[in-house]
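Peer 1: Below you'll find the structure I mean.
The values are calculated or read from the model by the stated rules, or taken from the named source; none is laboratory data. As the structure is a prediction and not an experimental result, all values here were calculated from the model. Cβ sites come from the backbone with ideal geometry, for glycine too, and all protein chains shown count toward neighbours. Quick note on the areas: whole protein, heavy atoms, side chains included, nothing else; ligands and nucleic acids left out. Shrake-Rupley method; radii C 1.70, N 1.55, O 1.52, S 1.80 Å.
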Amino acid sequence: MLFTDIDILDENLDYQAHQWVGVKDGTIDYIGDAAPENAADYGETYDGRGRLLMPALYNAHTHLPMTLLRGYAENVPLQEWLNNLVWPFEGKMTPEDNYWATKLALAEMARYGSVSASDMYYATDERVQAVGEAHMKMNVCESVLYFEPKPFAEYPMCEKMERIVKQYHGAQDGRIRVDYNIHAEYTSNPITCTDIGKVAKAAGLPIHIHISETKSEHEECKGRHDGLTPVQYFESIGVFDVPVIAAHCVWVDDKDIEILAKRGATVALNPASNMKLASGFAPVQKLLDAGVNVALGTDGMASNNNHDLFQDMYLMGTIYKGHELDPAIISPKQVIAAATRGGALAQGREDCGLVKVGMKADLTVLDTTGASWCPMTNPEVNIVFSGHGSDVVLTMCDGEVVYRDGECPGIDLEQVKAEVSARTKRIISEL
């Protein structure tokens with residue numbers, strides 16, 4: 001495809017008007033202010049007038065099959081939400097339920113400009129199948145709760161993860177990547193977690209984990225581990241010897257931030273989920289100032305309730321200013337970077353997340369002709385504070401269109417919606 005006369009956010013996330021962008025063999029192979037000499041070689045010409053092309057979005061913390069729980073577990077604190085509502089519901093979910101719920105989540109993500117998710121859940125085979133059919137990307141980890149203090153090798157998950165890594169890491173032309181998982185400090189134990197850190201390090205793979213999501217989680221960890229916070233505890237047992245996606249980090253302190261920066265961890269912010277569950281506000285500017293890679297996630301659909309990362313960009317750009325009483329913190333460019341390049345780096349996708357020659361063609365096109373985009377005094381500000389996921393008119397993953405003008409090739413949305421609705425109704429009737 002050749003995008004003609006289109007506005008873009010370039011590799012520095014700076015606005016450039018009237019550009020030509022060529023995509024071939026899944027990568028960006030041309031950017032310029034005039035048509036390339038070989039313009040006729042591109043299969044399709046896309047009229048970019050009134051459009052803005054930017055990097056696609058990377059959702060750095062999800063539980064995609066939880067689309068089944070959308071609207072189900074509402075208006076309760078986190079621990080009650082988990083123990084009394086979410087976990088009992090999930091106990092009724094079949095692998096096939098996970099497949100259909102993942103397809104619905106992927107259709108929603110593509111509609112709103114996202115091409116990839118770091119997904120923490122179960123039924124990995126079915127989730128990977130759904131991603132392949134949607135022609136999108138996923139960092140997949142298989143989640144389990146490690147309450148019994150015993151070596152990881154004694155858990156069936158150890159053997160299962162060996163199979164998942166062998167079968168799926170790098171599958172689908174690299175679109176599938178595998179991470180190891182520790183759900184959280186309060187759902188695990190030091191013996192098993194130490195082993196998981198060693199196994200992940202030997203395999204050269206990251207770990208995806210919930211950290212300091214709530215004040216009670218943070219403080220109770222200190223009580224269990226001689227004053228160590230979750231970040232300090234996990235560092236003490238070797239978990240941070242590999243790249244870590246640390247979801248939430250709402251209650252991290254200055255020493256935690258120093259460790260996260262030193263260890264090269266990513267913090268996956270979840271502003272909508274953290275407000276909805278009344279978990280609090282992460283110290284985002286401190287994280288950014290320390291050099292921590294910050295990414296954005298939607299979390300699951302029982303605590304957000306949509307996969308529109310443009311909503312989370314807006315929240316990242318606003319709520320932390322209000323919490324810190326400082327309108328000057330967190331620039332629009334930092335917000336966009338978190339949703340794009342920050343998420344790609346969190347997933348180990350070094351060749352993704354920028355509009356730059358040689359990078360994977362993971363791209364999102366926005367319609368900027370609507371009233372909320374006028375005037376275009378500062379396009380970066382407009383993207384964060386005026387734009388909506390509904391402005392997305394095209395989403396491309398590895399050079400392949402996965403959403404365009406209301407359609408997701410590879411996903412029969414009406415069938416998926418019918419399946420998910422019926423399956424949710426069945427599970428609720430069984431509870």
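Peer 1: Could you do me a favour and compute the accessible area per residue for segment 183-316, 1.4 Å probe, result in Å²? Write down the numbers at each step before the final one.
Peer 2: Working: 4220 Å² over 134 residues.
Using a 1.4 Å probe on heavy atoms only, each residue of segment 183-316 averages 31 Å².
Peer 1: What is the sum of charges, Lys and Arg at +1 and Asp and Glu at -1, for the other residues whose Cβ falls under 15 Å from the Cβ of Lys360?
Peer 2: Working: positive: Lys24, Lys137, Arg175, Arg177, Arg341, Arg349, Lys356; negative: Glu11, Asp25, Asp29, Asp173, Glu350, Asp351, Asp362, Asp398, Glu400.
Its environment carries a net charge of -2.
Peer 1: Let me ask something else. Go through Lys286/Lys333; Lys103/Lys137; Lys137/Lys321 and tell me which ones have a Cα-Cα distance over 24 Å in this structure. Present the calculation step by step, with values, prior to reporting the outcome.
Peer 2: Details: Lys286/Lys333 16 Å; Lys103/Lys137 12 Å; Lys137/Lys321 32 Å.
The pairs that break the limit, which is 24 Å between Cα atoms, are Lys137/Lys321.
Peer 1: Let me ask something else. How would you order 315-322, 424-431 from highest to lowest mean count of nearby Cβ atoms within 10 Å? Write down the numbers at each step before the final one.
Peer 2: Details: 315-322: 18.5, 424-431: 13.0.
The peptides rank, most packed first, as 315-322, 424-431.
Peer 1: Still on this structure, I have one more. List the relative contact order of segment 277-362 as a percent without decimals, with contacts defined as Cα pairs under 8 Å and 6+ residues apart. If you can, show how the numbers build up before the last one.
Peer 2: Details: 76 pairs, mean separation 22.4, N = 86.
It comes to 26 percent, rounded to a whole number.
Peer 1: So in the chain, what percent of DSSP beta bridges are antiparallel if you round to the nearest 5?
Peer 2: Details: 25 of 58 bridges.
So the antiparallel bridges amount to about 45 percent of the total.
Peer 1: What is the packing order of peptides 254-265, 121-132, taking the mean over residues of other C-beta atoms within 10 Å and listing the highest first? Before the final figure, lay out the partial values.
Peer 2: Numbers: 254-265: 18.1, 121-132: 21.1.
The peptides rank, most packed first, as 121-132, 254-265.
Peer 1: What percent does the relative contact order of segment 232-295 come to when contacts are Cα pairs within less than 8 Å and at least six residues apart? Can you show the working numbers first?
Peer 2: Numbers: 85 pairs, mean separation 23.4, N = 64.
Over segment 232-295, the number comes to 37 percent.
Peer 1: Could you pull the Cα extents of segment 34-119 along its three principal axes, largest to smallest, in whole Å?
Peer 2: 62, 27, 19
Peer 1: First select every other residue whose beta carbon is under 10 angstrom from the beta carbon of Ala117; then total the charges, Lys and Arg +1, Asp and Glu -1.
Peer 2: Working: positive: Arg127, Lys137; negative: Asp119.
Here the charged neighbours net out to +1.
Peer 1: Which Cα, out of Gln167, Thr124, Tyr112, lies furthest along the positive dipole direction of segment 93-167 (beta carbon charges, K/R +1, D/E -1)?
Peer 2: Comparing the listed Cα positions along the dipole, Tyr112 ranks first.
Peer 1: Heavy-atom accessible area of Asp14 with all protein chains present, probe 1.4 Å, nearest 10 Å²?
Peer 2: Number for this one is 50 Å².
Peer 1: Report which label in (i) 20; (ii) 24; (iii) 34 holds the value of percent of Cα pairs over 37 Å apart derived from the coordinates of this structure.
Peer 2: Correct label is (i).
Peer 1: Let me ask something else. Size of segment 391-431 along its principal axes in angstrom, Cα-based, largest extent first?
Peer 2: 43, 20, 15
Peer 1: Still on this model: Let me spell out the model: positive unit charges on the Cβ of Lys and Arg, negative unit charges on the Cβ of Asp and Glu, origin at the Cα centre of segment 124-209. What dipole size does that give, in debye rounded to 20? Don't skip to the end; give the middle numbers.
Peer 2: Working: 10 positive and 12 negative charges, 55 e Å.
Magnitude of the dipole: close to 260 debye.
Peer 1: So what does Val294 come to for accessible area, using a 1.4 Å probe and Å² rounded to 10?
Peer 2: 10 Å²
Peer 1: I would also like to ask the following. Under 18 Å Cα to Cα from Lys201, which lysines show up? Leave out anything in the same chain fewer than 8 places away.
Peer 2: Lys160, Lys166, Lys262
Peer 1: Here's a follow-up. Pull up all non-local amide H partners of Thr27: gap of 5 or more, or a different chain, and H-to-H distance under 5 Å with H placed in the peptide plane.
Peer 2: Ala361
Peer 1: Determine the relative contact order of the chain: mean sequence separation of Cα pairs under 8 Å and six or more apart, normalised by residue count, in whole percent.
Peer 2: Details: 928 pairs, mean separation 95.3, N = 431.
Worked out over the chain, it gives 22 percent.
Peer 1: How much area per residue is accessible in segment 351-431 when the probe is 1.4 Å and only protein heavy atoms are counted (Å²)? If you can, show how the numbers build up before the last one.
Peer 2: On the way: 3640 Å² over 81 residues.
Per residue, segment 351-431 has 45 Å² of solvent-accessible surface.
Peer 1: Hey, another quick one. Need one value: the accessible area of Glu350 in square angstrom, 1.4 angstrom probe, rounded to the nearest 10.
Peer 2: Accessible area, nearest 10 Å²: 120 Å².
Peer 1: Here's a follow-up. Of the heavy-atom accessible surface of the chain (probe 1.4 angstrom), what whole percent is carbon and sulfur?
Peer 2: Here it works out to 51 percent.
Peer 1: Which ³J(HN,Hα) values in Hz, rounded to whole numbers, follow from the phi angles of segment 246-262 under the Karplus curve 6.51 cos²θ - 1.76 cosθ + 1.60, where θ = phi - 60° and Gly and Pro get x?
Peer 2: Using θ = phi - 60°, the values come out as 9, 7, 5, 6, 5, 10, 5, 9, 4, 5, 4, 4, 4, 5, 4, 5, 4 Hz.
Peer 1: Restrict the search to segment 139-171; then list the chymotrypsin sites (Phe, Trp or Tyr not before Pro) that DSSP places in a loop and that have at most 13 other Cβ atoms within 10 Å of their Cβ.
Peer 2: Values: sites: Tyr146, Phe147, Phe152, Tyr168; in loops: Tyr146, Phe147.
Counting only loop positions with at most 13 other Cβ atoms within 10 Å, the chymotrypsin sites (Phe, Trp or Tyr not before Pro) in segment 139-171 are Phe147.
Peer 1: Moving on to the next point. Can you tell me the mean projection area, over all orientations, of the convex hull of segment 353-431's alpha carbons? Units nm², please. Walk me through the numbers on the way to the answer.
Peer 2: Details: hull surface 32.8 nm².
About 8.2 nm², averaged over all directions.
Peer 1: Dipole size in debye (nearest 20) for segment 154-263 around its Cα centre, Lys and Arg Cβ +1, Asp and Glu Cβ -1?
Peer 2: Details: 13 positive and 18 negative charges, 94 e Å.
Rounded to the nearest 20 debye, it is 440 debye.
Peer 1: Another one. Treat every Asp and Glu Cβ in segment 3-123 as -1 and every Lys and Arg Cβ as +1, leave all other atoms uncharged, and give the resulting dipole magnitude about the Cα centre to the nearest 20 debye. List each step's numbers first, then the result.
Peer 2: On the way: 7 positive and 19 negative charges, 123 e Å.
Approximately 580 debye in magnitude.
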